[in-house]
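What follows is a short report on a single structure.
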Amino acid sequence: MRSRSSFPHPALFVAKPEAIAAAPARAETLAREADEATRSAQQTKNVAAVAAKEAAPLAAALRKLELAKTSADAALAVAEKALAAAKTDQAKARAEDQKQKAAAKVDELQKQLDATKANARSKLDSAAAASAAAKAAETKKADADKAASQAKLALEPVSVFISRATQKLYVRRHTQKRLPDGGELFDATIEVPVTIRDPDKPLGTHVFTAMGRTDRGLRWTAVTIDSRRMCSVGSRQPLCHGPRSSFRTSLCTARPTIAPSSSLR
């Protein structure tokens, strides 16, 4: 294993002082907004539940009135047929009386049905609006939680891995959370493709650690795993040639920088 003392390098990550300075306040603001979004989502959810509960009995009442109206319409039709079939004055008078009663029943039920439908429509519209508001609040809550989580993660140191095999750059951040088995949970949402110069040449294993900030950027140390211990059986050729040569020939062609949401500490 070989190591280099503190040094700067223009191809390594460049810290953004303004992002680092603003990160704590940003995390605090987004955490507060996430709390407010959570409270708002719970309130709208409660309102939607009450509206749905109030609207639920109206459907049953409507069905009951519609059945009664259908029965009254049938009774009126029977009364009209009886009146048409009546031969004597007494039968006609009795059928006319039945018809008037049936017609009055139909009119009363129609008024009740119209009023119940109007009331139900208002309640159902309110319930639908409350449900839509609850969904929107839940979406806003999820977005606020995600933003707050990302801002909190931005306060954590990051580990960056570059793989020649996959030609990808991986960023890992500690979430301060535990897995069910007791292990540490790391955020693994940032994975991007990179271009490796001379991809057929082995990179070796090198660890670059940002030790602090300087006027020119970050101050780094480098540790390289001894390549001679990683040779294949029977081979005398090393898999890599030290940190300087591997670093010059095999790093990404694009100069990486750290976005404000994932500033190095």
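Do you know which residues across the stretch 74-109 are within 60 Å of the chain's Cα centre (by Cα), loosely packed, with under 15 Cβ neighbours inside 10 Å and either more than 26 Å from Lys123 (Cβ to Cβ) or not assigned by TED's automatic domain parsing to the domain that holds Ala120 (or both)?
Of everything in the stretch 74-109, those that are within 60 Å of the chain's Cα centre (by Cα), loosely packed, with under 15 Cβ neighbours inside 10 Å and either more than 26 Å from Lys123 (Cβ to Cβ) or not assigned by TED's automatic domain parsing to the domain that holds Ala120 (or both) turn out to be Ala74, Ala77, Ala104.
Identify all residues within the stretch 185-198 that are touching a residue at least 40 places away in the same chain (Cβ under 8 Å) and over 10 Å from Ser163 (Cα atoms); write none if there are none.
Of everything in the stretch 185-198, those that are touching a residue at least 40 places away in the same chain (Cβ under 8 Å) and over 10 Å from Ser163 (Cα atoms) turn out to be Ile190, Thr195, Arg197, Asp198.
Within the set of pairs 6 or more residues apart or between chains, which connect a residue that is at positive phi and in the same structural domain as Ala210 (by TED's automatic domain parsing) inside the stretch 147-171 to a residue that is part of a loop (DSSP other than H, G, I, E, B) and surrounded by 15 or more Cβ atoms within 10 Å (Cβ to Cβ) with Cβ atoms less than 7 Å apart?
Qualifying pairs under 7 Å: Gln167/Val194.
So which residues in the stretch 154-188 are of a type in the set (S, T, N, Q) and surrounded by fewer than 12 Cβ atoms within 10 Å (Cβ to Cβ)?
Gln176
Can you pull out the strands (runs of 3 or more DSSP E) entirely within the stretch 84-198 that have at least 1 residues that are at pLDDT 90 or above and either touching a helix residue (DSSP H, G or I) at 6+ places or on another chain (Cβ under 6 Å) or not small (Gly, Ala, Ser) (or both)?
Answer list for the stretch 84-198: 168-178, 184-193.
Being among the small types (Gly, Ala, Ser) and out of contact with any Leu (no Cβ under 9 Å at 6 or more places or on another chain) is the filter here, so list the residues in the stretch 102-122 that pass it.
Filtering the stretch 102-122 down to residues among the small types (Gly, Ala, Ser) leaves 102-104, 115, 118, 120, 122.
Result: Ala104, Ala115, Ala118, Ser122.
The values are calculated or read from the model by the stated rules, or taken from the named source; none is laboratory data. Only a predicted model underlies this, so the values are computations on that prediction, with no experimental measurement involved. Note: ideal-geometry Cβ built from the backbone for every residue, glycine included; neighbour counts use all protein chains shown.
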